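Below is one structure, written out as structure tokens; the observations come after it.
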Amino acid sequence: MNKILIFGMTENPGGVESFLMNYYRHLDKTKFQFDFLCNSYEKVAYEDEILELGGKTFHFPARSQNIMAYREKLEEFFKKRSSEYHAIWVNVCSLANIDYLKLARKYGISKRIIHSHNSQNMDSKLRGILHLINKNVIGRYATHYWACSKEAADWFYNKELQKDVVIIHNAIDVERMAFDSMKRKKIRESLGWENKFVIGNIGRLHFQKNQMFILEIFYEVLKQLDSARLILVGQGEDEAELKKRVEELEIGKYVYFAGIQYDIAGWLSAFDLFLFPSKFEGLSIVALEAQANGLIVLASKGVIPEDVCINDNFEFYSLRKSAVEWASKIVQMKSNLERKKLEDIFINFIQKGYSIDTEIKKLEGLFGESDKCKNIK
């Protein structure tokens, strides 16, 4: 059995975490085992399920909280356990920290995979600088270079490495995300919004996801549709600021902050329209999940990879347009809220290469390939 050591699972059930679990659930566990490095002593997203599926989680301190303890525990782990692993697979949104790959090389893990999940810096200026520095040395430590999209590859890797990048689709389990009328009814009844027009967004409450603009758009929608309601699912550093803006706009009774949720299919089922004006994306898992649910989607044009469009009820709209124009577009789209049928969704996902049932075979094949790859010194 090939054991793969994975970094990328955090406490927040976000896009990278969902991506990893989508693949882990469908992995041939007679041939492969996933174990997870977790830079927190708190329980990570999906940890109970990971353990049930036969994986292990190894917790250590966060570098930002105690750098000495972090380095000591990490070094101790790799020194003791590296020989158990066929490969390490590091899933990150920037190259600000490549310690895992450095230690993997030092202690003899022969296949060292770095996987890009974003197309722009979403952290501090310092981490952005560290990303640029490590972008020029990552070839010394990684042997394989993966990305979720061409845009993510172009930002993450220098031109010399880009020719070796393998695109791994953010494939999902379509059936798992299918529309559920009972869950829709339950959630909408709990909010007292049974007959309302519900706009939804799921994601970290962070400037990348642009929820502040969502509030401005929704404020304009309300002027035209008093039946409109907004649900924001997720947590993040912008939460307090967003709630303050809701108060300033006096729209509190029309907006619901749902926090972290694990039944994504249920919340998607409760929505009538998925609003997704992100400022940048690698290739969004939640946009795929919304389409698997059959939802109509309105997303930002030119900054989200066009590959994310699977169904024909997915529309792009420019962030150069004002909140008033976005609101008018939403009101126009409300005239046809019919969800796509599940049988059509299945076909669309398979044709575009985003069905987990077909993509898992590609991933297993890559794990089984030779460990040797070009390694820049």
- Message: Using a 7 Å offset from the Cα along the Cα-to-Cβ direction at both LYS56 and THR358, what is the distance between the two label points in nm, to one decimal?
- Response: 3.7 nm
- If Lys and Arg each add +1 and Asp and Glu each add -1, what is the summed charge of the other residues whose beta carbon sits under 13 Å from the beta carbon of GLY252? +2
- Task: Quick one: work out the % antiparallel among DSSP beta bridges in the chain, nearest 5.
- Result: 0 percent
- Gap separating the Cα centres of the range 186-249 and the range 45-85, nearest whole Å: 36 Å
- What fraction of the DSSP beta bridges in the range 175-352 is antiparallel, stated in percent and rounded to the nearest 5? 5 percent
- Task: Decide, for the range 175-352, between rounded, prolate and oblate: order the square roots of the alpha carbon gyration tensor eigenvalues as a ≥ b ≥ c, take rounded if a/c falls under 1.5, and otherwise choose prolate if a/b is larger than b/c, else oblate.
- Result: rounded
- Item | Whole-angstrom gap from the range 89-110 to the range 11-25, using each part's C-alpha centre | 19 Å
- Of LEU268, HIS26, SER227, whose Cα points farthest to the positive end of the dipole of the chain (charges on the beta-carbon: +1 Lys, Arg; -1 Asp, Glu; origin at the Cα centre)? HIS26
- FRET efficiency for LYS183 and SER335, Cβ-Cβ distance as r, R0 = 25 Å, nearest 0.05? 0.50
- Task: Please identify, among VAL90, VAL166, VAL137, the residue showing maximal mean-square fluctuation in a Gaussian network model of the chain using a 10 angstrom Cα cutoff.
- Result: VAL137
- Query: Hey, if you put +1 on the Cβ of every Lys and Arg and -1 on every Asp and Glu Cβ in the chain, which of PHE197, ALA153, ILE168 ends up farthest toward the positive end of that dipole?
  - Reply: ALA153
- Item | Summed residue charge, Cβ within 11 Å of TYR46's Cβ, Lys/Arg positive, Asp/Glu negative | -4
- Message: Under a Cβ-only charge scheme (Lys and Arg +1, Asp and Glu -1), can you give me the dipole magnitude of the chain about the Cα centre, in debye to the nearest 20?
- Response: 1120 debye
- Over 40 Å, how big is the tail of the calculated P(r) for the chain, in percent of all Cα pairs? 16 percent
- Query: How about the range 39-71: which chymotrypsin sites (Phe, Trp or Tyr not before Pro) there are in a DSSP loop, with at most 13 other Cβ atoms within 10 Å of their Cβ?
  - Reply: TYR41
- Message: Taking the Cα centre as origin and putting +1 on Lys and Arg beta-carbons and -1 on Asp and Glu beta-carbons, what dipole magnitude results for the range 47-135, to the nearest 20 debye?
- Response: 600 debye
- Note on the structure: Note on the range 175-352: contact order normalised by length, alpha-carbon pairs under 8 Å, 6 or more apart, percent, works out to 26 percent
- Check each of the GluC sites (Glu not before Pro) in the range 239-344 and keep only those in coil by DSSP with at most 11 other C-beta atoms within 10 angstrom; list them in order. GLU250, GLU338
- Around ARG127, with a cut-off of 13 angstrom between Cβ atoms, what is the net charge of the other residues, counting Lys and Arg +1 and Asp and Glu -1? +2
- Note on the structure: If every Lys and Arg gets +1 and every Asp and Glu gets -1 at its Cβ, then about the Cα centre the range 220-363 yields a dipole, in debye to the nearest 20, of 240 debye
- Grab every C-alpha pair in the range 25-127, bin the distances at 5 angstrom width from 0 up to the longest one, and report whole percents. 2, 11, 19, 22, 24, 15, 6, 1, 0
- Note on the structure: Highest GNM mean-square fluctuation among ILE251, ILE360, ILE168, for the chain with Cα springs under 10 Å, belongs to ILE251
- Note on the structure: Per the rule of 0.36 nm per residue minus the C-alpha distance, extending ILE129 to GLN351 adds in nm 76.0 nm
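FYI, it's all coordinate maths here, none of it is from the lab. The structure presented is a predicted model; accordingly, all values stated were derived computationally and were not measured. Here Cβ is always computed from backbone atoms with ideal geometry, including for glycine, and neighbour counts include all displayed protein chains.
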